[in-house]
Amino acid sequence: MLNPVRSALALLFTGLLASGACAREVAPAAHQFFRVNLPASAGQPATGRLLLFATEATAARAAAKDGEVTEVESSPFAPKQTALAAREVEHLAPGAGVLLDADDQAFPSGFSRLPPGDYLVQAVLDTQHDYNYHGRNGGDLVSPVVEVHLPSTAPPALALARTLPTPALWDLPTRYMSDTTKKHLAQARKQVRSIDFVSPALSAFWGRPIHMRGWVVLPPGYEASGKATYPAVYQTHGFGGDLHTQAGTAAMVFGAMQEKQLPPMIWVVLDESGATGTHEFADSVNNGPWGRALTTELIPALEREYRMDARSSGRFLTGHSSGGWATLWLQTRYPKVFGGTWSTSPDPSDFHDFTGVDLYAPHANVYHRADGTPYPLVRDKGKVLATYETFARMERVLGPYGGQMASFDWVFSPRGADGRPMPMFDRATGDVDPAVVAYWGEHYDIARRVKEHWSELKPDLDGKVHLVVGTADTFYLDGAAHRLKAVLDGLGAKSDFRFLPGRTHMDLYTQGKDHQGLLKQMAWEMYAVARPESKLKRVAIAP
């Protein structure tokens, strides 16, 4: 069933964008301005990216619980439901204000083109320039939600009256937890170990101390002075994850091992987030040598501290989405180090299908095909929710750092003359830069690298690639997975690819009532590789 609010707003903004074809027949509207103030009580000046969100009032209240709207927000899964405008602010003094031109940097178009009516608006000052990655975060300044009538000749006023609190690392939302995780959460808080490792290689690259962070989850019965060693699983998150969300993963793993739903292994739950997005443990000219730092510095340090099975047959990788690409990359780039990767829904592993776009095609464009039809990027149950263009344009307004498209550039691109990564495509037109793609392909196209270097990779890589993806993946990532499988099949390689019918990016792991069922299944498969003689069996969750 369609969401009536979402449908109404989609039609609203579709009509808004379509009206651009008639722009020459009407006089241009005056720009819509807003005044955003920092209360005198703020105590200190504020700097950041000022964001303004607006949504149609009646529809928003109809969709809200009890009709009360406490937050106006944009979403990549419904990018045209909320209008967005932005500008940079530097040293805004307490008691002072700034004018925001909501037609200058705006999405999906300038606010002066919104249909006349009542809107709910809210201002946010993104003080850390990480809205594209984290959304609203601790330290951001926000205004109350205010109803205004647009267009308005006088700039509507908003005040950045509240500072969002920063949650503690173990302040986890229990509503998303399984009963097993809740049961063992207090114990997990006490027993999960933190990782805070200063990498010599990354510090040398950046010229300042760079920390590698994460969590170590030890199995039940682990004794530091004992003789038993344990296989190790290196897990990392997808886009939007961080050390805080990884604490939730560590708590889930801890509880599942306590209940024997997971085999006794040491889990290393890694944070791959940063100011530029996810570094994906790639060795990058922009982000630094994260793969080398992990394999030659952090892993040896952990194996000195914990009773890990320090053989390749005792080290495994797993991750989802961007974490899926990271673990697939690490396995193919450092095949002697790891005994196998179980990567799920990885970012594109073959750039002939970069979420549907062939980046190598002549005159490639990520916004539209040669016939002018748009490339979709986000889907759900067969319905396109966002195109590549709408996704990229919204990210551009939210800010230059931390978005998914910018994150790819920071990982894969050569460095430009200005010291920043060269963009793979023009954000205004969607045109692909073939020189940048050539660099991407030479260094980070996993299918290409495996094909070109198979003779040297085969002894250490054959049989170690396990990949699971849904046939209805939300971001069309099943396409590149099929291509990687075809390459490996053509080489005669042993591999394990599973395409789960009808599964999306979001429900891939669910088995019955267990939302982490696939992770547990994969963990037992890893354990069978490391301990083939073991008689341990998985304890299933009751249906």
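A compact table of results
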quantity	calculated
Options Gly340, Gly402, Gly382: the member that is modelled with pLDDT under 95 and within 21 Å of Ala481 (Cβ to Cβ)	Gly382
All helices (runs of 4 or more DSSP H) inside the range 283-341 with 3 or more residues being more than 28 Å from Ser225 (Cα to Cα)	290-293, 322-333
Qualifying residue in the range 44-56 (condition: surrounded by 14 or more Cβ atoms within 10 Å (Cβ to Cβ) and more than 26 Å from the chain's Cα centre (by Cα))	yes
Conditions (1) touching a Pro at 6+ places or on another chain (Cβ under 7 Å); (2) open to solvent by less than 10 Å² (accessible area, probe 1.4 Å); (3) under 17 Å from Gln191 (Cβ atoms); number of the one not met by Val269	(1)
Checklist (1) under 25 Å from the mean Cα position of the chain (by Cα); (2) open to solvent by less than 70 Å² (accessible area, probe 1.4 Å); (3) within 20 Å of Thr70 (Cβ to Cβ); (4) not acidic (Asp, Glu) applied to Val148, failing item	(1)
Total residues in the range 249-261, condition under 22 Å from Ile299 (Cα atoms) and either in contact with a Leu (Cβ under 7 Å, 6 or more places away or on another chain) or in contact (Cβ under 8 Å) with a residue 60 or more places away in the chain (or both)	4
Qualifying residues in the range 461-490 (those that are buried (at least 16 other Cβ atoms within 10 Å of the Cβ), over 23 Å from the mean Cα position of the chain (by Cα) and not basic (Lys, Arg)) - the one nearest to Arg315 (Cα to Cα)	Leu461
All positions within the range 190-207 that are surrounded by fewer than 16 Cβ atoms within 10 Å (Cβ to Cβ) and assigned to a loop (DSSP other than H, G, I, E, B)	Gly207
Enumerated strands (runs of 3 or more DSSP E) restricted to the range 49-118, each holding at least 1 residues that are β-branched (Val, Ile, Thr) and at pLDDT 95 or above	83-92, 97-101
Residue that is on the phi > 0 side of the Ramachandran plot, of a type outside the set (Gly, Ala, Ser) and open to solvent by less than 30 Å² (accessible area, probe 1.4 Å), where the choices are Thr390, Thr355	Thr355
Hits in the range 485-543 - residues which are within 17 Å of Ile266 (Cα to Cα) and assigned to a strand (DSSP E or B)	none
Residue tally, condition over 17 Å from Trp342 (Cβ atoms), touching a helix residue (DSSP H, G or I) at 6+ places or on another chain (Cβ under 9 Å) and either at pLDDT below 95 or among the charged types (D, E, K, R) (or both), over the range 477-513	1
In the range 91-104, the residues that are over 16 Å from Val142 (Cα atoms) and touching a Gly at 6+ places or on another chain (Cβ under 9 Å)	Asp101, Ala102, Asp103, Asp104
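Here's the yes/no breakdown for (1) buried (at least 16 other Cβ atoms within 10 Å of the Cβ); (2) assigned to a loop (DSSP other than H, G, I, E, B); (3) in contact (Cβ under 8 Å) with a residue 12 or more places away in the chain:
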| site | (1), (2), (3) |
| --- | --- |
| Pro167 | no, yes, yes |
| Leu172 | yes, yes, yes |
| Arg175 | no, no, no |
| Pro209 | no, yes, no |
| Ser225 | no, yes, no |
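The values are calculated or read from the model by the stated rules, or taken from the named source; none is laboratory data. Bear in mind the structure is a predicted one, so any value in this text is a computation, not a measurement. As a convention, Cβ positions derive from the backbone with ideal geometry for all residues, glycine included, and neighbour counts pool all protein chains shown. To get the accessible areas, we keep the full protein, side chains included, count just its heavy atoms, and leave off ligands, DNA and RNA. Shrake-Rupley method; radii C 1.70, N 1.55, O 1.52, S 1.80 Å.
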